[in-house]
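Here the structure is laid out as structure tokens; the discussion comes afterwards.
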Amino acid sequence: MPALDRNLLHRFGLLLVILLVGLALSLWTDTFLSLANFTNVARQVSINGILAVGVTFVLLTAGVDLSLGSVVALSGVACATFAHPGEYSVFVPIAVGLLTGTACGLVNGVLVTRGGVAPFIVTLGMMTIARGLALIFSGGRPVANMSNELTALAGDIWGIPIPVLCFAGVAFVAWYFLRNFRLGRHIYAVGGNENAARAAGVPVERVKLLAYGLCGLLTGLAGVVLAARITTGQPNAGQAYELDAIAAVVIGGTSLAGGVGTITGTLLGVLLIGVINNGLDLMGVSSYYQAVIKGVIIVGAVWLDRRQARS
Amino acid sequence: MLRALELRKDFGGLTVLQSTSVDFRPGEVHALMGENGAGKSTLMKVLAGLYRPDGGHIEWRGGHADFASPHEALVAGIAMIHQELMPILDLTVAENITLGAEPCDRLGRIDKEAQLHRASELLGELEADIDPSRLMRTLTVAQTQVVEIAKALGRNADVILMDEPTAALSDHEVAALFRFIARLKARGVTIVYTTHKMDEVFRLADRISVLRDGNLVGTAPASEMNPAKLITMMVGRELADVFPVRQPPTDEILLEVSGLTREPSYRNVSFQVRRGEVVALAGLMGAGRTEVASAIYGLQPASSGQIRLNGRAISIRNPQDSLSAGIGMVTEDRKGLGLIPALGVGQNITLTALRNFSKGQFLDHTAEAAAVGAQMAEFSIKSSGTSQPISQLSGGNQQKALLARCLLGAPQLIILDEPTRGIDIGAKAEIYALIQKLARAGKAVLLVSSELPEVLSLAHRIVVLRRGSVSATLEATTTDQETVLRHAMPL
């Protein structure tokens, strides 16, 4: 079957699963099916969603980024440090947060491309380095006392949470970029066959650097949004966020081997994880069991998908 | 005796082999001939237990054979040498050759001594000079193929299925393989053989079976066949001379290479290619042909020497440099350095020249689709659509798509490294015609090929490499295979 049809089928299948889960939850609980709860789900998935979009770029190049969670914390701390009331304009802490994330991403990218170190190792290193830096800069304590202008980022516009708008904007831009930009096409080529891409004149190193840089930028954004939401820069925030993000991307049909995947798929993957989390919460399942159920669903979804792809 | 009885194989609604019956006798070399997609490889893979037949059955030693896996076929005495090489790169040559049949002591530990001994014994039979303790990763494509052959021969099988075993071999290695096949034959081993090289069939085969579109056209003793008759059976129509007429080149020198060196592969290599000229790099495997071509394209830059294009010295560090200078290349390693398997045919074709279909960073999807349509028609690339993953196409169509990719950027110099390896005679003829068309259009073509008839009929001049140095530059019209070989062979 042509790839296009398979992608469609895949996305359709995933959408169907989400709808079925939604239907079951609507019948099971009387709280799921409401605008307030949907807004709630959207708000809850937005940070994971922004991270998942970012890491989609990296996974498409056949790389990986394990440092997302730590960089979220570091960016949040950096942002909060410049967000005390009356010190700077609100744009300064935002810019600092984004730049911190981008810098981490670029360092990852340089070490992968110029240093030739495996992405797994590089980003594993960055995971502990960024966490350490977050603890150093904050003195190990949450950075509190943030201006209202910044914490307003976690509020609503016309009833829609701003984090949700951020997520939607990021997803749209990423979708547009991968589809309509030359560099977007190059990302698929590099992930599909790096040596062939190089032989075809694709600037492989630059493309990979861009992917890690973009991932870093979005991680910084997630850090700023999280800091605004919890009104502090938490050096211990974001533990294991990278795993939820990567799980969402893989459920969405992106291959860990690179070269295959879409933003639409990532979006659906994020949504599925969000709906399941929400449903388990509403049903009052203990968080111990939630962890087990979520793990089973992640492996099961990918297993089903790969089985379907093989036949 | 091995017998295929009305074997049928379908792939997703497409019948690639329909009730084919062939019998293979002990001690014969039985050639399976046919164009790509005719069903030769499929028939072999069914016989070797790689595919289960969807109809018919296999008779082996008078009984009904139903192989569930290649391993079962191996145990029953049927081994296969695959067209796609499947080496394990981080094991040694000896470990690859004895894979799955490692000599062990009583505790089950591998006997390294015996392993090395067994490997060098088999390589010796093939007259191959490869150290069995080397890592697979360090071998050339040709050496890898020799190792794959040794691996199959080491199983002491009664039937050996060889799917294009000589695709990457030099004439010297082919000769050694043929001598070994003769010895196997004398022992009563059945050899089933496919190739796209006409001369091999008549040197080797006792009987020939021709397949077309999954059907057996006929089986006949090789002595009752000739190349013209065979081609007619394969193609189903008369094929006029596959080599088109050469036009004389211009006097304008486009490429001038002087003193190109990268030890230990090649040294002090100098030659010129004029506009409208086809120059072939000939030589034995390992003489440095691919390496010199790769240096000009920037895949593996030379350490010293000069490359001039249109009289201007250019510095080439990577393919981006050579592409922007007007040099294009289709590499020998289609899978490793050519295809982006998951991308569609269309996106593969436009990859190199993508800049031509974008304004700044923005892709112009309409212009891209138009260019893809034009290239697919021009190169008669067959696919179910432009978004069909290129990995699903036949070898000939993949190769044509890569040519289309290379030429879409309108390069002045086109380097073709083994452009017809492993593709059928119809696609070959198309590529031959294309090469002459490029020359007539005033482009310069640098051709690397192991097939001497191809070199002699396509090129204007032949630069012969011997162990990394130019040993002769010959005019194609006044030379012959023997002369080229004499200059290519180590003294």
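Quick grid of which residues meet (1) modelled with pLDDT of 85 or more; (2) out of contact with any Ser or Thr (no Cβ under 6 Å at 6 or more places or on another chain); (3) within 23 Å of B:Thr144 (Cβ to Cβ); (4) among the aromatic types (Phe, Trp, Tyr):
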{"residue": "B:Tyr51", "(1), (2), (3), (4)": "yes, yes, no, yes"}
{"residue": "B:Ile58", "(1), (2), (3), (4)": "yes, yes, no, no"}
{"residue": "B:His64", "(1), (2), (3), (4)": "yes, yes, no, no"}
{"residue": "B:Ser69", "(1), (2), (3), (4)": "yes, yes, no, no"}
{"residue": "B:Ala76", "(1), (2), (3), (4)": "yes, yes, no, no"}
{"residue": "B:Leu85", "(1), (2), (3), (4)": "no, no, yes, no"}
{"residue": "B:Ile97", "(1), (2), (3), (4)": "yes, yes, yes, no"}
{"residue": "B:Gly100", "(1), (2), (3), (4)": "no, yes, yes, no"}
task: Scan the stretch A:270-302 residue by residue and report those that are over 17 Å from A:Val41 (Cβ atoms) and outside any helix (DSSP H, G or I).
output: A:Ser286
field: the stretch B:231-270, residues that are buried (at least 19 other Cβ atoms within 10 Å of the Cβ) and modelled with pLDDT of 85 or more
entry: B:Pro249, B:Leu254, B:Leu255, B:Val257, B:Leu260, B:Arg262, B:Ser265, B:Tyr266, B:Arg267, B:Val269
- prompt: Among (1) in a helix (DSSP H, G or I); (2) buried (at least 21 other Cβ atoms within 10 Å of the Cβ); (3) of a type outside the set (Gly, Ala, Ser), where does B:Pro165 come up short?
  reply: (1)
- line: Expected single match for among the basic types (Lys, Arg) and part of a loop (DSSP other than H, G, I, E, B) among B:Arg246, B:Arg267, B:Arg183 is B:Arg246
- prompt: Can you spot a residue in the stretch A:252-266 that is at pLDDT 90 or above, in contact with a helix residue (DSSP H, G or I) (Cβ under 6 Å, 6 or more places away or on another chain) and aliphatic (A, V, I, L, M)?
  reply: yes
- request: Considering every residue within the stretch B:351-371, establish whether at least one is more than 27 Å from the chain's Cα centre (by Cα), within 30 Å of B:Arg274 (Cα to Cα), charged (D, E, K, R) and facing chain A (nearest Cβ under 10 Å).
  value: yes
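Just give me the residues in the stretch B:313-343 being more than 10 Å from every other protein chain (Cβ to nearest Cβ) and touching a residue at least 24 places away in the same chain (Cβ under 8 Å), in sequence order.
Step one: list which residues in the stretch B:313-343 are more than 10 Å from every other protein chain (Cβ to nearest Cβ), which gives B:313-317, B:325-327, B:332.
B:Gly326, B:Ile327, B:Glu332, listed by residue number.
Tell me, please, whether a residue that is in a strand (DSSP E or B) and either within 19 Å of B:Phe24 (Cβ to Cβ) or among the charged types (D, E, K, R) (or both) can be found in the stretch B:150-159.
Yes, the conditions are met somewhere in the stretch B:150-159.
Out of all the residues in the stretch B:364-381, is one or more touching a residue at least 40 places away in the same chain (Cβ under 8 Å) and either surrounded by fewer than 19 Cβ atoms within 10 Å (Cβ to Cβ) or not charged (D, E, K, R) (or both)?
For the stretch B:364-381, residues touching a residue at least 40 places away in the same chain (Cβ under 8 Å) and either surrounded by fewer than 19 Cβ atoms within 10 Å (Cβ to Cβ) or not charged (D, E, K, R) (or both): present.
Rundown of residues vs (1) surrounded by 14 or more Cβ atoms within 10 Å (Cβ to Cβ); (2) within 26 Å of A:Ser89 (Cβ to Cβ); (3) modelled with pLDDT of 90 or more, yes/no style:
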position	(1), (2), (3)
A:Val107	yes, no, yes
A:Arg114	no, no, yes
A:Thr128	no, no, yes
A:Leu165	yes, yes, yes
A:Ala168	yes, yes, yes
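Evaluate the following for B:Thr232: is it among the polar types (S, T, N, Q), over 30 Å from B:Val146 (Cβ atoms) and part of a helix (DSSP H, G or I)?
So B:Thr232 passes the test.
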- request: Run B:Ser394 past the list (1) facing another protein chain (nearest Cβ under 8 Å); (2) over 27 Å from B:Arg275 (Cβ atoms) and report the number of the one that doesn't hold.
  value: (1)
query: Is one or more of the residues making up the stretch B:274-289 at pLDDT 90 or above, within 14 Å of chain A (Cβ to nearest Cβ) and surrounded by 22 or more Cβ atoms within 10 Å (Cβ to Cβ)?
result: no
- request: Could you give me the residue pairs with C-beta distances under 8 Å whose first residue belongs to the stretch B:258-271 and is under 8 Å from B:Gly468 (Cβ atoms) and free of Cβ contacts under 8 Å to residues at least 24 places away in the same chain, whose second residue is buried (at least 16 other Cβ atoms within 10 Å of the Cβ) and basic (Lys, Arg) wherever it lies, and which are 6+ apart or on separate chains?
  value: none
message: Can you pull out every residue in the stretch B:127-149 that is at pLDDT below 80 and in a loop (DSSP other than H, G, I, E, B)?
response: B:Thr140
field: Residues that are touching a Leu at 6+ places or on another chain (Cβ under 7 Å) and within 13 Å of chain A (Cβ to nearest Cβ), drawn from the stretch B:404-415
entry: B:Arg405, B:Gly409, B:Ile415
query: B:Gln388 fails exactly one of the following numbered conditions: (1) touching a helix residue (DSSP H, G or I) at 6+ places or on another chain (Cβ under 7 Å); (2) within 8 Å of chain A (Cβ to nearest Cβ); (3) under 25 Å from A:Arg206 (Cα atoms). What is the number of that condition?
result: (3)
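Could you say which residue among B:Leu99, B:Leu123 is touching a helix residue (DSSP H, G or I) at 6+ places or on another chain (Cβ under 9 Å) and either assigned to a helix (DSSP H, G or I) or of a type in the set (Ser, Thr, Tyr) (or both)?
B:Leu123
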- request: Report yes if A:Val224 is away from chain B (no Cβ under 14 Å), surrounded by 24 or more Cβ atoms within 10 Å (Cβ to Cβ) and within 20 Å of A:Thr102 (Cα to Cα), otherwise no.
  value: yes
- line: Given (1) in contact with a Ser or Thr (Cβ under 7 Å, 6 or more places away or on another chain); (2) within 30 Å of B:Asp129 (Cβ to Cβ); (3) not basic (Lys, Arg), B:Thr331 misses just (1)
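Of B:Ile97, B:Ile110, B:Ile130, B:Ile149, which residue is more than 26 Å from B:Glu164 (Cβ to Cβ) and not acidic (Asp, Glu)? First the steps, then the outcome.
Numbers: B:Ile97 fails: more than 26 Å from B:Glu164 (Cβ to Cβ); B:Ile130 fails: more than 26 Å from B:Glu164 (Cβ to Cβ); B:Ile149 fails: more than 26 Å from B:Glu164 (Cβ to Cβ).
Of the residues listed, the single one that is more than 26 Å from B:Glu164 (Cβ to Cβ) and not acidic (Asp, Glu) is B:Ile110.
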- request: Write out, first by first residue and then by second, each pair whose Cβ atoms fall under 6 Å of each other, whose residues are 6+ apart or on separate chains, and whose first residue, in the stretch A:180-195, is facing chain B (nearest Cβ under 7 Å) and under 21 Å from B:Met329 (Cα atoms) while the second is assigned to a helix (DSSP H, G or I) and not aliphatic (A, V, I, L, M).
  value: A:Asn195/B:Gly336
In the stretch B:410-427, residue surrounded by the most Cβ atoms within 10 Å (Cβ to Cβ) [restricted to those that are farther than 19 Å from B:Thr42 by Cβ and modelled with pLDDT under 90]: B:Thr420
- request: Report yes if some residue within the stretch A:230-239 is more than 13 Å from chain B (Cβ to nearest Cβ), part of a helix (DSSP H, G or I) and not aromatic (Phe, Trp, Tyr); otherwise report no.
  value: yes
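The values are calculated or read from the model by the stated rules, or taken from the named source; none is laboratory data. The shown structure was predicted, so the numbers you read here are calculated from the model rather than taken from an experiment. As a convention, Cβ positions derive from the backbone with ideal geometry for all residues, glycine included, and neighbour counts pool all protein chains shown.
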